[in-house]
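The values are calculated or read from the model by the stated rules, or taken from the named source; none is laboratory data. Just so it is clear, the structure is predicted and the values come from calculations on it, not from any experiment. For neighbour counting, all protein chains shown are included, and Cβ atoms are generated from backbone atoms with ideal geometry for every residue, glycine included. Accessible surface areas use protein heavy atoms only, side chains included; no ligands, DNA or RNA. Shrake-Rupley method; radii C 1.70, N 1.55, O 1.52, S 1.80 Å.
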Amino acid sequence: MAPPRSACRALLPALALALLGLAAAAGPRQTPPLELAQELAEELWSAGLPGDLPELEPECRSLLGAFAEGSAALTGCLGRRARPVRLCQGCHGHYRRLLAQYGSIARAVGNSSESHNCAKSILTSDRLQIVVTLSEFFNETWEAANCANCLKNNSEGLSNSTEEFLDLFNKSLTCFEHNLQGQGIDLSPNNYTEVCKNCNETYTKLNDLYNHLQRMNRQGGESAHSAHLCIDVEDAMNITRKLWSRTFNCSLPCSDTVPVIAVSSFILFLPIVFYLSSFLHSKQKKRILILPKRIQSNANLVNIQEKYS
């Protein structure tokens, strides 16, 4: 493999000094060796050395620069929105642009007939393949976050259901904050009654919508990419549930209480009904078996009475 251009430039002064050494052996020198070496190096560089690596075509270099800038922008966006998780709603524009930039590299060809294909030069010309590695990292991160489940089909923005959920989420947090300010700062763990009472309706709507989105997603509703909702929605719901149940110690009335009690009572009384029916059935059998004996003894008694009378 030919040495890089920077290495060639670094070796030129040494080569020039070696040539000057040969010249000095042939005769007296009139100029300092370092200055002559620098001049000779510039002459060798301007003449062009054999084996010099070809530069990327301007079109390919422009595409590589655009991908580098897009990668930096997406990395910064992901890092800033890591906690609380807001990757999908805040970085989908950067991710979409990066996909387009990578696609341009994969399709582009240099404008010169002697130039290499941009895809070959940028993507597969070395063992490390930095551009490919970066692209795979961003794709895997995006898929692991399931961002497609809260975006529109063309990934140009959030879906209607996601926007509705985030609106209820913001209303719930606002309700929590407002009622906490009304009660004061120094609150005991069991003194969040105002929060539980005043925010119960908003939190119930948020919880019901989240459960509905989960059911729709499992049935292949808005997106069929995964059984999970996107990480933004899941993280928002986890935060809200922790605040509601652990911090505020609130609870939701279960709508299935009556059916659960009815089924439990039925199962509880099943053994009683079973043993009672078994007892009555066995008693009835006993009566049927004893009855003929009574009839027979009465008949014998009548015969005895007739015999002695």
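So here's what we get for this one:
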{"read-out": "Selection within region 143-165 - touching a helix residue (DSSP H, G or I) at 6+ places or on another chain (Cβ under 7 Å) and closer than 19 Å to C91 by Cβ", "value": "A145, N146, C147, N149, C150, L151, S155, L158, S159, T162, F165"}
{"read-out": "Residue within region 123-131 that is in contact with an Asp or Glu (Cβ under 6 Å, 6 or more places away or on another chain), open to solvent by 20 Å² or more (accessible area, probe 1.4 Å) and either in a helix (DSSP H, G or I) or farther than 28 Å from C230 by Cα (or both) present", "value": "no"}
{"read-out": "Qualifying residues in region 246-294 (those that are modelled with pLDDT of 60 or more and among the hydroxyl-bearing types (S, T, Y)) - the one farthest from L206 (Cα to Cα)", "value": "S282"}
{"read-out": "Checking Q89 against (1) touching a His at 6+ places or on another chain (Cβ under 7 Å); (2) surrounded by 18 or more Cβ atoms within 10 Å (Cβ to Cβ), the condition it does not meet", "value": "(1)"}
{"read-out": "Residue within region 216-225 that is open to solvent by 70 Å² or more (accessible area, probe 1.4 Å), modelled with pLDDT of 70 or more, farther than 23 Å from C196 by Cβ and not in a loop (DSSP other than H, G, I, E, B) present", "value": "yes"}
{"read-out": "Test for Q305: is it at pLDDT below 70, in a helix (DSSP H, G or I), surrounded by 10 or more Cβ atoms within 10 Å (Cβ to Cβ) and not hydrophobic (A, V, I, L, M, F, W, C)", "value": "no"}
{"read-out": "Positions within region 159-172 being under 21 Å from L243 (Cα atoms) and surrounded by fewer than 17 Cβ atoms within 10 Å (Cβ to Cβ), in sequence order", "value": "E164, D167, N170, K171"}
{"read-out": "Unique residue being modelled with pLDDT of 90 or more, open to solvent by less than 80 Å² (accessible area, probe 1.4 Å) and not assigned by the TED database to the domain that holds E234 when the list is C118, C77", "value": "C77"}
